[in-house]
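Notes follow once the structure below has been shown.
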Amino acid sequence: MPVRSLLAVLVLTLTGCAQPQPVATTDVTAPASERLVLPEDVHSYARPAEARVTDVALDLTADFAAKQLHGTATLTLDRAPDADEVVLDTRDLAIEQVTTPDGTPLTFTLGAADPFLGQPLTVTLPETGDRIVVHYRTSPEAAAVQWLSPDQTTGGTHPFVFTQGQAILTRTWMPTQDSPGIRQTYSAEVTVPTPLTAVMSAEMLTPEGEPAEDGTTYRFRMDEAIPPYLIALAIGDLDFREVGPRTGVWAEPSVVEAAAYELADMEAMIDAAEGLYGPYRWGRYDVLVLPPSFPFGGMENPRLTFATPTILAGDRSLVSLIAHELAHSWSGNLVTNATWADFWLNEGFTSYFENRIMEAVYGAEYARMLESLSRRDLAAEMADLPEADQHLFLDLDGRDPDDGMTAIAYDKGAAFLRTIEVAAGRERFDAFLRDYFDRHAFQPMTTERFLDHLDAELIRGDAALRARIQPEAWVYGPGLPDVAAPVVSEAFARVEAQAEAFLAGTAPESLETDAWTTHEWLHFLEVLPDGLSAEQLDALDAAFGLTETGNSEVLFAWLRTAIAHRYEPAFPALRDFLVRQGRRKFVLPLFQDLARTDWGRALAREIYREARPGYHAITAGSVDPVLGWEGG
Ligand code: BES
Ligand code: ZN
């Protein structure tokens, strides 16, 4: 071999051993050879190859009376040499003016409005300069922003507001390029009425706030470039409790102690996650427990997960949700789905990773129960989905990206990764994933690039291994491929034996349930068949206090059983549950179950009339069509 090629081999080998480097950049000013070409995002108007937002600096005031955020967004841009305009995403924003930082007005136009995508804001750029200032205010109906009156909070005396950006709602509270592939750093100055506190998915520069003319100002800074759906803000009467050296909880004062107790294992979860996939790269990890109308279980806003209070069961049994949101600190926040068609890269990886964290912290038996519940959810939901929506990679052109928020992305995605793990062996797969996160940190990822990476770094031409995985069947085909790794939970097999005993006539008190955890109860309720008698339901309820349970997941499973059997003694609890919290995962199936029956539709509408004013637009938007709701 000539000396030169020998040297080249050496250099390649050496670079191969060194700390993996990012493979490409989205910086439009970088040389073309190093530039990562972003795939087209059908959910954004932005044209990032011409001019892309790299930083957002917000200066906002929260006006609770008007239900508006108003102020300025100063955007820093990467401009291609010939770019003379920048296109931003907006929806329901009132744009007052656009200027240069020194106040010179710039010409702008707002395009036609699409119900999901909103309106493109096209700004004519000055000859030189890389910053523009957009003066704007949000609409009281901004889909990302929920304004809560004091009586919608737990404390009942102060109002509250929070944002929820994913998937394409950030554009309803700030003008920016709202595409997950266009990463941006951000900073903010937020002025709120005293004595409220503002928190964000960023470093808090002024923990105490600073007195301002019209309230208190809080300043924040996020120095890592993040996708815009992760920019988040909440304002309310908030207290903080430390949980560990880099973890803590924020919540209303009356909730914060319970939250700190429930989430005591957060530090152990981070340690476990780091042991699996490398350092936690975001500094602090805090959780904000929101008022009960929060429409999701959790949202992985960096440094500050937003969570529903319905995880506060009192016995730490629902904290896998925190493991999930924490796992997004790698899968999602570090390596991000490039478009919403690649959503499974966020949620499938995260659901798999969540299970690994749970296994590391709470043991394999617990993790197998969670995995088994996930597979059942998948089977149930898949039965109702058209085949094209059963693919991991989705075609969402012309659709709301929320249509992709199904068990396919989460549970089929996780099953795919579990199958790779079993096929390749855990040790190899863990090394592969750790390297994947390091190499692609702070970058967008497409399904196709992941598949290429899987072939290049794990399968490496091993045809037998490839046959045990069958990547294309998972990603571009319907259903659960035959190669899917099976899930076995011995604990659940024991639960099934007890369910059978009950059905064969054993009294509930005589069943062996003493050592059951929340998940065994969930499995028990879910394997009970339809067609139970009122006496059987009475006996279960009397023995186990199901209608009275403070565990939201167990209550939800029980209420579904109650509806399936028209078990009226549980209906006051059903109404109460639907009115006092607005988590879509609970609310929507219960209304669907009721609406499917001839007797339940009127009851559903009556409960909905009472509950709907407390719901977030995301929850109400999902339930409205189920009940044919048009204003009541
Ligand atoms: N990122 C999601 C929530 C989300 C997805 C919001 C798509 C908007 C659009 C979050 O990580 C999540 O998956 N939350 C789940 C809980 C989790 C334990 C499965 C939820 O809220 O139910
Ligand atoms: Zn998630």
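The values are calculated or read from the model by the stated rules, or taken from the named source; none is laboratory data. Because the structure is predicted, anything quoted here is derived from the model rather than measured. With ideal geometry, Cβ positions are generated from the backbone for all residues, glycine too; neighbour counts draw on all protein chains shown.
With (1) within 15 Å of ligand 2 (Cβ to nearest atom); (2) closer than 29 Å to Tyr615 by Cα as the list, and Leu263 as the residue in question, which single condition is left unmet?
The one condition Leu263 does not meet is (1).
Give me the pairs: first residue in the range 39-54 and over 15 Å from Thr76 (Cα atoms), second residue of a type in the set (Asp, Glu) and buried (at least 23 other Cβ atoms within 10 Å of the Cβ), beta-carbon distance under 7 Å, and six or more apart or on different chains, which are they?
Sorted first by the residue in the range 39-54, then by its partner, the pairs are Ser44/Asp89; Ser44/Asp178; Tyr45/Asp89.
One residue is enough: does the range 169-189 have a residue meeting the conditions in contact (Cβ under 8 Å) with a residue 40 or more places away in the chain, surrounded by fewer than 19 Cβ atoms within 10 Å (Cβ to Cβ) and on the phi < 0 side of the Ramachandran plot?
Yes, the range 169-189 contains a residue that is in contact (Cβ under 8 Å) with a residue 40 or more places away in the chain, surrounded by fewer than 19 Cβ atoms within 10 Å (Cβ to Cβ) and on the phi < 0 side of the Ramachandran plot.
Could you figure out which of (1) closer than 23 Å to Val145 by Cβ; (2) over 20 Å from the mean Cα position of the chain (by Cα); (3) not hydroxyl-bearing (Ser, Thr, Tyr) isn't true of Pro291?
So Pro291 meets the others, but not (2).
Looking at (1) closer than 20 Å to Ser489 by Cβ; (2) free of Cβ contacts under 8 Å to residues at least 24 places away in the same chain; (3) away from ligand 1 (no atom under 15 Å from the Cβ), can you tell me which one Ala383 breaks?
Failed condition: (1).
Being crowded, with 19+ Cβ neighbours inside 10 Å, away from ligand 2 (no atom under 16 Å from the Cβ), charged (D, E, K, R) and over 27 Å from Arg183 (Cα atoms): is that true of Arg316 here?
no
So which residues in the range 252-277 are in contact with a Gly (Cβ under 8 Å, 6 or more places away or on another chain) and charged (D, E, K, R), if there are any at all?
Glu252, Glu262, Glu267 - these are the residues of the range 252-277 that are in contact with a Gly (Cβ under 8 Å, 6 or more places away or on another chain) and charged (D, E, K, R).
Does the range 484-496 contain at least one residue that is within 18 Å of Phe416 (Cα to Cα) and either small (Gly, Ala, Ser) or in contact with a Pro (Cβ under 9 Å, 6 or more places away or on another chain) (or both)?
Checked against the condition, which is being within 18 Å of Phe416 (Cα to Cα) and either small (Gly, Ala, Ser) or in contact with a Pro (Cβ under 9 Å, 6 or more places away or on another chain) (or both), the range 484-496 yields at least one hit.
Provide a single number: the residues in the range 390-404 that are surrounded by 15 or more Cβ atoms within 10 Å (Cβ to Cβ), within 19 Å of Gly118 (Cα to Cα) and more than 16 Å from ligand 1 (Cβ to nearest atom).
0
Rundown of residues vs (1) more than 29 Å from Trp344 (Cα to Cα); (2) among the hydroxyl-bearing types (Ser, Thr, Tyr); (3) in contact (Cβ under 8 Å) with a residue 12 or more places away in the chain, yes/no style:
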site: Thr100; (1), (2), (3): yes, yes, yes
site: Leu121; (1), (2), (3): yes, no, yes
site: Gly165; (1), (2), (3): no, no, yes
site: Pro193; (1), (2), (3): yes, no, yes
site: Leu205; (1), (2), (3): yes, no, yes
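Go through the residues of the range 277-288 one by one and say whether even a single one is within 13 Å of ligand 1 (Cβ to nearest atom) and buried (at least 23 other Cβ atoms within 10 Å of the Cβ). I'd like the intermediate steps shown before the answer.
Applying the first criterion (within 13 Å of ligand 1 (Cβ to nearest atom)) to the range 277-288 yields 287.
Filter once more, keeping what is buried (at least 23 other Cβ atoms within 10 Å of the Cβ): 287.
Yes, the conditions are met somewhere in the range 277-288.
If a residue has to be β-branched (Val, Ile, Thr), in contact (Cβ under 8 Å) with a residue 24 or more places away in the chain and part of a loop (DSSP other than H, G, I, E, B) to count, how many in the range 504-552 make the cut?
Residues that pass the stated criteria total 3.
Note down all Cβ pairs under 7 Å where the first residue falls in the range 321-338 and is farther than 12 Å from Tyr352 by Cα and more than 7 Å from ligand 1 (Cβ to nearest atom), the second is part of a loop (DSSP other than H, G, I, E, B) and of a type in the set (S, T, N, Q), and they're at least six residues apart or on different chains.
Matching pairs, first to second residue: Ala338/Thr446.
Any residue at all in the range 209-220 that is among the polar types (S, T, N, Q), part of a strand (DSSP E or B) and either modelled with pLDDT under 95 or closer than 25 Å to Ala51 by Cβ (or both)? Before you say what the answer is, go through the steps one by one.
Going residue by residue through the range 209-220, those that are among the polar types (S, T, N, Q) are 216-217.
Checking the rest, the ones that are also part of a strand (DSSP E or B) come to 216-217.
If we keep only those that are either modelled with pLDDT under 95 or closer than 25 Å to Ala51 by Cβ (or both) too, we end up with none.
No, the range 209-220 contains no residue that is among the polar types (S, T, N, Q), part of a strand (DSSP E or B) and either modelled with pLDDT under 95 or closer than 25 Å to Ala51 by Cβ (or both).
What are the residues in the range 311-320 that are more than 10 Å from ligand 1 (Cβ to nearest atom) and of a type in the set (S, T, N, Q), if any?
Within the range 311-320, Ser317 is the sole residue that qualifies.
Kindly provide the set of residues from the range 405-432 that are among the polar types (S, T, N, Q) and either within 12 Å of ligand 1 (Cβ to nearest atom) or in contact with a Leu (Cβ under 7 Å, 6 or more places away or on another chain) (or both), ordered by number.
Restricting attention to the range 405-432, the residues satisfying the condition of being among the polar types (S, T, N, Q) are 406, 419.
Hit for the range 405-432 is Thr406, nothing else.
Conditions tested, residue by residue: (1) more than 15 Å from ligand 2 (Cβ to nearest atom); (2) modelled with pLDDT of 95 or more; (3) assigned to a helix (DSSP H, G or I).
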| position | (1), (2), (3) |
| --- | --- |
| Asn301 | no, yes, no |
| Thr305 | no, yes, no |
| Ile322 | no, yes, yes |
| Asn333 | no, yes, no |
| Phe343 | no, yes, yes |
| Phe353 | no, yes, yes |
| Met358 | no, yes, yes |
| Val361 | yes, yes, yes |
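How about the range 482-496: which of its residues are free of Cβ contacts under 8 Å to residues at least 60 places away in the same chain and surrounded by 12 or more Cβ atoms within 10 Å (Cβ to Cβ)?
Arg494, Val495, Glu496 - these are the residues of the range 482-496 that are free of Cβ contacts under 8 Å to residues at least 60 places away in the same chain and surrounded by 12 or more Cβ atoms within 10 Å (Cβ to Cβ).
What number goes with the only condition from (1) outside any helix (DSSP H, G or I); (2) within 16 Å of ligand 2 (Cβ to nearest atom) that Leu370 does not pass?
Among (1) outside any helix (DSSP H, G or I); (2) within 16 Å of ligand 2 (Cβ to nearest atom), the lone unmet condition for Leu370 is (1).
Would you confirm whether or not the range 468-478 contains a residue that is farther than 30 Å from Leu525 by Cα and either touching a strand residue (DSSP E or B) at 6+ places or on another chain (Cβ under 9 Å) or polar (S, T, N, Q) (or both)?
Yes: the range 468-478 contains one or more residues that are farther than 30 Å from Leu525 by Cα and either touching a strand residue (DSSP E or B) at 6+ places or on another chain (Cβ under 9 Å) or polar (S, T, N, Q) (or both).
How many residues are in a strand (DSSP E or B) and closer than 19 Å to Asp214 by Cα when one looks only at the range 38-92? Let's see the steps before the verdict.
First, the residues of the range 38-92 that are in a strand (DSSP E or B): 51-63, 68-79, 85-90.
Filter once more, keeping what is closer than 19 Å to Asp214 by Cα: 58-63, 68-72.
Qualifying residue count for the region: 11.
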